[in-house]
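Everything on this sheet refers to the single structure shown next.
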Amino acid sequence: MTKAVENLLDLLDLEKLEENLFRGTSPQSGWQRVFGGQVIGQALVAASRTVGAERQANSLHGYFLRPGDPKVPIIYEVDRIRDGGSFTTRRVVAIQHGHAIFSMSASFQRVETGMEHQIEMPDVPMPEDLMPISEISDELISKAPEPVQKYWKRERPIELRPLDLGQYFSRKKQEPVQHVWVRAASKLPDDPRIHQCVLAYASDMTLLDTALFPHGINVFVPNLQVASLDHAMWFHSDFRFDEWLLYTQDSPRSAGGRGFSRGSLYTRDGVLVASAVQEGLMRMRDRPVPGKG
């Protein structure tokens, strides 16, 4: 297991303070606010720990209410809304400085069978046919803005292999569509709930970026203010997140200072295992956003 993945699992291993009350921390990486995927993943961990092991998450719906402060712990309070015959419902509120920074509802279901159908996975190259981020030429990286260089060069717990990296290094307007192979950077424990929580963490990566492509900008533009507003996921079937999943994304619309993106996650043999949607804030400021230049 790589150190980055080990650190991520430690990040998701919340401390139990009391019944229905948990505490999480943030990595001290220099970011001015907590990564949205971290809060989603930790909130799902908190909810999962109040549900019997025979039930797994089938959906979650979350709202980002305030920026998270990485310097102080996050308290997760779980409300046991309902324990039904087939479904269990939980509500989680993440709290810092006496205020809610994130709220989430999550549903858990016992395993059952039923009617099945799915749309086909796009016909794209396999991850082995794409260049790993670690092998991108230094020349290409050196031409990128400093924040981009730092982002791509540091060790991360999630391995990404986009089909097209051009969106992150140019200001060319492009269609609001992208395909990214994703997985944990090393093997994860066999517990399926861990795979769900790590995928929830990773699902916040690249999704809002897709809504920026038609505007010829990316998240590293100094004057751009971006932030996740809400995030939802559906888990359709079992998967392992230490094996490659294709994260295929599109953005049907941006308006009102908000961008809307959708994502589907497929196994390499074409099984649709999870879906995600997100709306995010997208504002161009007159001066650089603090922390971006």
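The values are calculated or read from the model by the stated rules, or taken from the named source; none is laboratory data. From a predicted model like this one, the values you see are computed outputs, not experimental measurements. Cβ sites come from the backbone with ideal geometry, for glycine too, and all protein chains shown count toward neighbours. For the accessible areas, the whole protein counts, side chains as well, though only heavy atoms, and no ligand, DNA or RNA atoms are used. Shrake-Rupley method; radii C 1.70, N 1.55, O 1.52, S 1.80 Å.
The residues of the chain have, on average, 50 Å² of accessible surface per residue, using a 1.4 Å probe with all protein chains present.
Over all distinct Cα pairs, what is the inverse of the mean 1/r for the chain, reported as the Kirkwood hydrodynamic radius in Å? Provide the component values of the computation, followed by the final result.
Details: mean 1/r = 0.0507 Å⁻¹.
For the chain, the Kirkwood estimate is 19.7 Å.
With the dipole of the chain worked out from charges on the C-beta (+1 for Lys and Arg, -1 for Asp and Glu) around the Cα centre, which of A184, A43, H215 lies farthest toward the positive end? Positive-end residue among those listed: H215. Applying a DSSP loop filter and a limit of 10 other Cβ atoms within 10 Å to the GluC sites (Glu not before Pro) in the stretch 39-142 leaves E54, E112, E116, E120.
Here the Gaussian network model covers the chain, with springs between Cα atoms less than 10 Å apart; of G259, G84, G62, G84 fluctuates the most.
If each Cα of the stretch 210-293 is one equal point scatterer, what is log10 of I(q)/I(0) from the Debye formula at q = 0.15, 0.20, 0.23 Å⁻¹? Log10 of I(q)/I(0), two decimals: -0.64, -0.91, -1.04. Roughly speaking, to the nearest percent, how much of the chain's 1.4 Å accessible area is carbon and sulfur? That share works out to 50 percent.
Based on DSSP H runs of at least 4 residues, each adding -39500 (n - 2.57), what is the mean residue ellipticity at 222 nm of the chain after dividing by all its residues, to the nearest 500 deg cm²/dmol? Spell out each step's value before the answer.
Numbers: 5 runs with 47 residues, N = 293.
One gets -4500 deg cm²/dmol as the mean residue ellipticity at 222 nm.
Listed by chain and number, the aspartates and glutamates whose alpha-carbon sits under 19 Å from that of K71, ignoring those within fewer than 8 places in the same chain, are D10, D13, E15. For the chain, the residue among L229, M1, L272 whose Cα projects farthest onto the positive side of the dipole built from Cβ charges is L229.
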